[in-house]
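Just below is one structure, and these are the notes that go with it.
Throughout, read-outs are computed from the coordinates displayed, never taken from laboratory work. All values reported here derive from a predicted model rather than from experimental measurement. With ideal geometry, Cβ positions are generated from the backbone for all residues, glycine too; neighbour counts draw on all protein chains shown.
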There are 2 protein chains.
Amino acid sequence: MKNRVCELFQIRYPIIQAGMVWVSGWKLASAVSNCGGLGLIGAGSMKPDLLREHIQKCKLATNKPYGVNLPLLRGDIEDLIKVVIEEDVKIVFTSAGHPGKYIDRFKDRNVKVAHVVSSLKQGLKAESVGCDAIVGEGVEAGGHNGADQLSVFSLIPSLSQNVKIPIIAAGGIVNSKGILAAFALGAEGVQVGTRFAATVESSAHDNYKRKIVEAQDNSTVLILQKIGLVRAIKNNFTERIQKLESEGASVEQLREALGAKREKLGIFDGDVDEGLIEAGQGVGLINDIPAVKELFDRFISEINQETVVLNDKLKVFTND
Amino acid sequence: MKNRVCELFQIRYPIIQAGMVWVSGWKLASAVSNCGGLGLIGAGSMKPDLLREHIQKCKLATNKPYGVNLPLLRGDIEDLIKVVIEEDVKIVFTSAGHPGKYIDRFKDRNVKVAHVVSSLKQGLKAESVGCDAIVGEGVEAGGHNGADQLSVFSLIPSLSQNVKIPIIAAGGIVNSKGILAAFALGAEGVQVGTRFAATVESSAHDNYKRKIVEAQDNSTVLILQKIGLVRAIKNNFTERIQKLESEGASVEQLREALGAKREKLGIFDGDVDEGLIEAGQGVGLINDIPAVKELFDRFISEINQETVVLNDKLKVFTND
């Protein structure tokens with residue numbers, strides 16, 4: 001059986017590194033692509049000129065396929081798309097918005113488009129407008145989350161029963177166990193975020209990387225439901241927001257408490273008390289800051305070991 | 001490799017039917033046990049005399065192992081334990097409380113004890129007091145949920161890395177894909193709730209079963225965070241609670257809005273608008289109301305088919 005995600009993006013392993021604000025520039029993306037996965041430059045924290053710079057550096061750092069993640073709700077999305085097309089990027093992952101408005105421009109230039117969805121309804125819509133693949137992102141994911149709060153366990157089988165294009169599972173996937181489980185649920189690829197955020201090549205601040213390593217299973221929390229759900233590591237800032245939310249704070253009050261550039265403060269500037277430390281629920285399973293190559297080798301060798309273990313365990317269900 | 005859950009409970013398949021209020025009496029439990037799984041009588045909605053009646057009927061309906069689920073926070077828990085011991089029940093699943101206080105009485109009589117946990121901390125504690133197994137229940141589960149809101153994807157690998165006793169995964173597991181994924185994450189057994197609630201032998205009202213069948217992926221919601229998180233299917237009642245919560249309602253206001261016997265109203269009396277329709281996030285994947293035997297046969301045959309499919313899919317990771 002061929003892997004459709006590998007065929008679509010012309011990569012060796014169906015492991016995609018999520019586009020992450022302040023984390024995934026050319027350095028991380030090219031390192032992942034060089035290992036046979038698919039690296040994504042996260043345009044979410046870049047102005048158009050900076051995005052162009054990262055794309056150009058990425059092309060110099062790898063001759064393997066790479067992609068760009070575009071958050072469609074950005075005010076300057078047209079300028080970002082212009083850069084992507086001018087720089088001849090061949091793979092785009094879209095999120096936070098509706099791909100239908102933009103997809104023709106990509107398809108006309110043979111750009112492959114995967115859209116991030118968090119419910120079956122969104123998945124069906126992405127398929128109907130012509131996306132080549134979808135990323136089914138569970139509520140375990142760091143950063144922005146869908147309002148329905150579907151976990152990977154609920155979302156991926158729903159998508160896999162109802163959608164024909166390939167499904168890439170995302171949210172809380174940090175090791176070989178998660179990759180195997182995602183495939184068991186019906187995915188043909190995985191998108192891994194937080195685990196790649198805590199690597200040598202990630203452009204995040206060391207304080208942020210250390211915070212991920214120190215975190216436990218219950219260290220993340222969902223906040224800001226009224227203005228757009230976000231998962232982050234608990235700190236002074238999230239506690240303040242949770243208190244406000246518990247008291248029934250309004251959208252305006254929450255916007256004021258959030259302020260501007262809260263992600264940059266936490267992830268890039270390293271203020272882990274007052275910044276927004278976006279991270280997925282899998283943080284408790286992350287215990288080191290390896291180079292991407294080391295992490296990738298670990299994924300592949302552990303997947304092969306765990307496949308053997310899993311097959312042994314499943315013998316209990318054999319009809320004999 | 002032997003399956004430790006099967007050995008512990010002396011069952012053929014490591015599939016456990018969750019104890020569910022107003023749903024899992026002797027009829028459902030014995031049907032599951034007769035198929036080679038482990039049926040649990042849910043004592044949560046039973047007074048001690050009624051529990052005794054269900055245990056006695058269960059013993060007449062099956063000569064296979066069965067168990068009783070005991071919510072330890074019940075005011076009359078001592079009376080429930082007395083019944084369990086007098087009736088010589090050999091398997092107990094404890095939830096909602098600390099098993100340490102009661103475990104010696106069970107161990108002295110060679111009763112096997114599994115405790116339901118929703119975080120690594122709780123799992124380590126259950127192991128340290130001498131539980132034989134733990135049920136790791138993700139936030140996908142219907143009914144009461146842990147405050148940390150860990151999904152199966154985050155919880156099971158954490159437990160499996162840190163706990164030595166067998167782990168049974170629960171929450172959102174409704175079909176063979178979920179069972180395979182749970183095993184991939186490190187579980188040696190699964191506890192299935194909502195899927196068994198929508199069977200012929202479930203004692204729930206037909207309206208409740210139909211509501212499960214009609215539900216979509218995004219039909220459930222988490223409510224009552226301030227007084228104890230519960231997952232239920234959205235209806236008039238949950239909307240009212242969500243509005244109150246959004247306005248910052250106090251514990252007292254929420255208790256008043258909840259009132260008494262809200263689960264019975266929904267699940268047993270069939271008032272699906274005003275009752276509490278406890279159900280897991282996997283409801284969107286449930287589309288029929290089969291007999292337990294039919295469902296069980298489906299599980300086993302699909303697990304075997306999907307294992308072949310999964311192995312084919314995982315070949316993409318093979319080092320060659």
Task: Förster-model FRET efficiency, 30 Å R0, A:K315 and B:R210, C-beta, rounded to 0.05 - done: 0.20
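Per-residue ellipticity at 222 nm for chain A, helices alone: DSSP H runs ≥ 4 residues times -39500 (n - 2.57), over residue total, nearest 500 deg cm²/dmol?
On the way: 13 runs with 130 residues, N = 320.
One gets -12000 deg cm²/dmol as the mean residue ellipticity at 222 nm.
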TODO: Please report, in debye to the nearest 20, how large the charge dipole of the range B:280-320 is about its Cα centre when each Lys and Arg carries +1 at its beta carbon and each Asp and Glu carries -1 there.
DONE: 60
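Determine the relative contact order of chain A: mean sequence separation of Cα pairs under 8 Å and six or more apart, normalised by residue count, in whole percent.
On the way: 681 pairs, mean separation 51.7, N = 320.
Worked out over chain A, it gives 16 percent.
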Open item on the list: Please compute, over every Cα-Cα pair in the protein assembly as shown, the percentage with a separation greater than 50 angstrom.
Closed with: 10
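Quick one: dipole size for the protein assembly as shown, taken about the Cα centre, charges +1 on Lys/Arg Cβ and -1 on Asp/Glu Cβ, in debye to the nearest 20. Don't skip to the end; give the middle numbers.
Details: 76 positive and 78 negative charges, 165 e Å.
Magnitude of the dipole: close to 800 debye.
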TODO: Using the 7 Å Cα-to-Cβ label point, sort the distances from B:V129 to its equivalents in the other copies shortest first and give them in nm to one decimal.
DONE: 5.2
Open item on the list: Please arrange A:C35, A:C6 by how many other C-beta atoms lie within 10 Å of their C-beta, fewest to most.
Closed with: A:C6, A:C35
Task: Value in Å of the Kirkwood radius, where chain A supplies the Cα pairs that are averaged - done: 19.7
Open item on the list: Report the Cα centroid-to-centroid distance between the range A:1-21 and the range A:126-144 in angstrom, as an integer.
Closed with: 14
Task: Exam field: B:I85 pseudo-label spacings to other copies (7 Å along Cα-Cβ), nanometres - done: 7.7
Task: Amide H contacts of A:L276 (H built 1.01 Å from N, under 5 Å, at least 5 apart or other chain) - done: A:E263, A:L265, A:G266, A:I267
Task: Vicinal HN-Hα couplings computed from phi for the range A:191-203 (Karplus, 6.51 cos²θ - 1.76 cosθ + 1.60; Hz; Gly/Pro x) - done: 10, 10, x, 3, 4, 6, 5, 9, 10, 4, 7, 5, 8
Task: Approximate spin-label separation A:Q161-B:A260, in nm, with each point projected 7 Å along Cα-to-Cβ - done: 3.9
Task: Spin-label model distance (nm) - B:A147 vs A:E7, 7 Å beyond Cα toward Cβ - done: 5.1
Task: Pair B:S250, B:E87: separation of 7 Å Cα→Cβ label points (nm) - done: 4.2
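Between A:Q56 and B:V129, what FRET efficiency comes out of the Förster formula 1/(1 + (r/R0)^6) with R0 = 60 Å and r the beta carbon distance, rounded to 0.05?
On the way: r = 60 Å, r/R0 = 0.99.
The formula returns an efficiency of 0.50 here.
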Open item on the list: Placing unit charges on C-beta atoms (Lys and Arg positive, Asp and Glu negative, everything else neutral), compute the dipole magnitude of chain A about its Cα centre in debye, rounded to 20.
Closed with: 640
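Over the range B:206-282, what relative contact order in percent results from Cα pairs under 8 Å that are six or more residues apart?
Working: 106 pairs, mean separation 28.8, N = 77.
With pairs under 8 Å counted, the relative contact order is 37 percent.
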TODO: Place +1 on the Cβ of every Lys and Arg and -1 on the Cβ of every Asp and Glu in chain A, take the dipole about the Cα centre, and give the residue among A:L310, A:H98, A:V272 whose Cα lies farthest towards its positive end.
DONE: A:H98
- [ ] Grab the residue from chain B whose Cβ hugs the B-to-A rotation axis most tightly, plus its distance in whole angstrom.
- [x] B:G248, 1
TODO: Please work out the FRET efficiency for the pair B:K107 and B:N63, using the Cβ-Cβ distance as r and a Förster radius of 22 Å; give the result to the nearest 0.05.
DONE: 0.35
TODO: Determine the shape class of the range A:245-320: with a ≥ b ≥ c the square roots of the Cα gyration tensor eigenvalues, call it rounded for a/c under 1.5, and otherwise prolate if a/b is greater than b/c, oblate otherwise.
DONE: oblate
Open item on the list: Please report, for A:S246, the nm distances (one decimal) from its label point, 7 Å out from Cα along the beta-carbon direction, to the equivalent points in the remaining copies, shortest first.
Closed with: 2.1
TODO: Using +1 at the Cβ of each Lys and Arg and -1 at the Cβ of each Asp and Glu in chain A, identify which of A:N236, A:N162, A:Q216 lies farthest towards the dipole's positive end.
DONE: A:N162
Open item on the list: Viscosity 1.002 mPa s, temperature 20 °C: give me the Stokes-Einstein translational D for the range A:214-282 in µm²/s, with Rh taken as the Kirkwood radius over C-alpha pairs.
Closed with: 178
Task: Pairwise Cα inverse-distance average, inverted: Kirkwood Rh of the range B:12-98 (Å) - done: 12.4
